[in-house]
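Visitor: Have a look at this one before I ask anything.
The values are calculated or read from the model by the stated rules, or taken from the named source; none is laboratory data. Because the structure is a prediction, the values reported are computed rather than measured. Cβ sites come from the backbone with ideal geometry, for glycine too, and all protein chains shown count toward neighbours. When the accessible area is computed, the model is the full protein with side chains, heavy atoms only, and any ligands, DNA or RNA have been set aside. Shrake-Rupley method; radii C 1.70, N 1.55, O 1.52, S 1.80 Å.
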Amino acid sequence: MAMIYIVEDDENIREIEMFALKNAGYEVQGFECASDFYARLKEKVPALVLLDIMLPDEDGLSIVKKLRHAADTRKLPIIMATAKTTELDKVKGLDIGADDYITKPFGVMELISRVKALMRRSRGMEEERMIRLGPIFMDDEKRAVFVNDEPCELTYKEYELLKLLLLNAGIVASRDMILDRVWGTDFEGESRTLDMHIKTLRQKLGSAGTMIRTVRNVGYMLTGENN
């Protein structure tokens, strides 16, 4: 069960938010000030934080900045909640690193919907950082590739090429798209470079190299089968 921290100094609002999220199946802990929140954060990092901007001891925007600069909370999902309604306030909150923004007063169903949506997006991003297809495994955070659990050393371009093919597994990636995404160009003269990188990538992947299929006159596709 995912843990959510609510940082809100208004006791009535905090209790309503906690009650709603508990009924939605989440574990919830509430804090009325930043200091209490920080103290608990040292013990356990939650799955998501619902953070009010106006707090008695520290501005919510300042808290977001600190969370985004700390290694263990850099990617912590954050929803900011505030009575402020101007577009500038919303943009400021999102620009400094908040993932979503909800304006008071808001309905319980809207709150639950936004929390669930952000949770889904966060799980999706986590899955994208760990990509597996057949014997190929990529840890994108460490920029490491393994084939049949053995390390596979790739150049920067080979890595980016394999990542693009993995994220589009089962779909034909056109030559133009690959050149644009990996090389930042659609210059036809780079086409030969692409072919050479595909060749060396196949070689380095060993038996898994046959998973990269050539689609004549179109591009390349990574499949889940190696022949």
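Visitor: Please note which strands (runs of 3 or more DSSP E) are completely contained in segment 100-154 and include at least 2 residues that are at pLDDT 85 or above and among the hydrophobic types (A, V, I, L, M, F, W, C). Working first, answer last.
Guide: Working: elements: 100-103, 130-133, 136-139, 144-147.
Qualifying strands (runs of 3 or more DSSP E): 136-139, 144-147.
Visitor: Next question. Does segment 5-14 contain at least one residue that is under 19 Å from S122 (Cβ atoms), of a type in the set (A, V, I, L, M, F, W, C) and without any contact (Cβ under 8 Å) to a residue 40 or more places away in the chain?
Guide: The first filter runs over segment 5-14 and keeps only residues under 19 Å from S122 (Cβ atoms), leaving 5-7.
Next, from what is left, pick out any that are of a type in the set (A, V, I, L, M, F, W, C): 6-7.
If we keep only those that are without any contact (Cβ under 8 Å) to a residue 40 or more places away in the chain as well, we get none.
No, segment 5-14 contains no residue that is under 19 Å from S122 (Cβ atoms), of a type in the set (A, V, I, L, M, F, W, C) and without any contact (Cβ under 8 Å) to a residue 40 or more places away in the chain.
Visitor: While we're here: Can you list residue pairs whose Cβ atoms sit under 8 Å apart, with the first residue in segment 26-46 being more than 18 Å from A71 (Cβ to Cβ) and without any contact (Cβ under 8 Å) to a residue 40 or more places away in the chain and the second being open to solvent by 60 Å² or more (accessible area, probe 1.4 Å) and part of a helix (DSSP H, G or I)? Count only pairs 6 or more apart in sequence or on different chains.
Guide: V28/K22; G30/E15; E32/E11
Visitor: Could I ask something else about it? So, of the residues in segment 83-99 that are modelled with pLDDT of 80 or more and touching a strand residue (DSSP E or B) at 6+ places or on another chain (Cβ under 9 Å), which turns out to be surrounded by the most Cβ atoms within 10 Å (Cβ to Cβ)?
Guide: By that ranking, first place goes to A98.
Visitor: In segment 47-72, which residues are small (G, A, S), in a helix (DSSP H, G or I) and open to solvent by 10 Å² or more (accessible area, probe 1.4 Å)? I'd like the intermediate steps shown before the answer.
Guide: First, the residues of segment 47-72 that are small (G, A, S): 47, 60, 62, 70-71.
Restricting the remaining residues to those that are in a helix (DSSP H, G or I) gives 60, 62.
Result: S62, single match.
Visitor: What's the total number of residues in segment 2-45 that are outside any helix (DSSP H, G or I), open to solvent by 10 Å² or more (accessible area, probe 1.4 Å) and of a type outside the set (F, W, Y)? Even if it seems obvious, please write down each step before you answer.
Guide: To start, the set of residues in segment 2-45 that are outside any helix (DSSP H, G or I) comprises 2-10, 24-33, 44-45.
Now restrict to residues that are open to solvent by 10 Å² or more (accessible area, probe 1.4 Å): 2-3, 9-10, 24-33, 44-45.
Next, from what is left, pick out any that are of a type outside the set (F, W, Y): 2-3, 9-10, 24-25, 27-30, 32-33, 44-45.
Adding up the residues that qualify gives 14.
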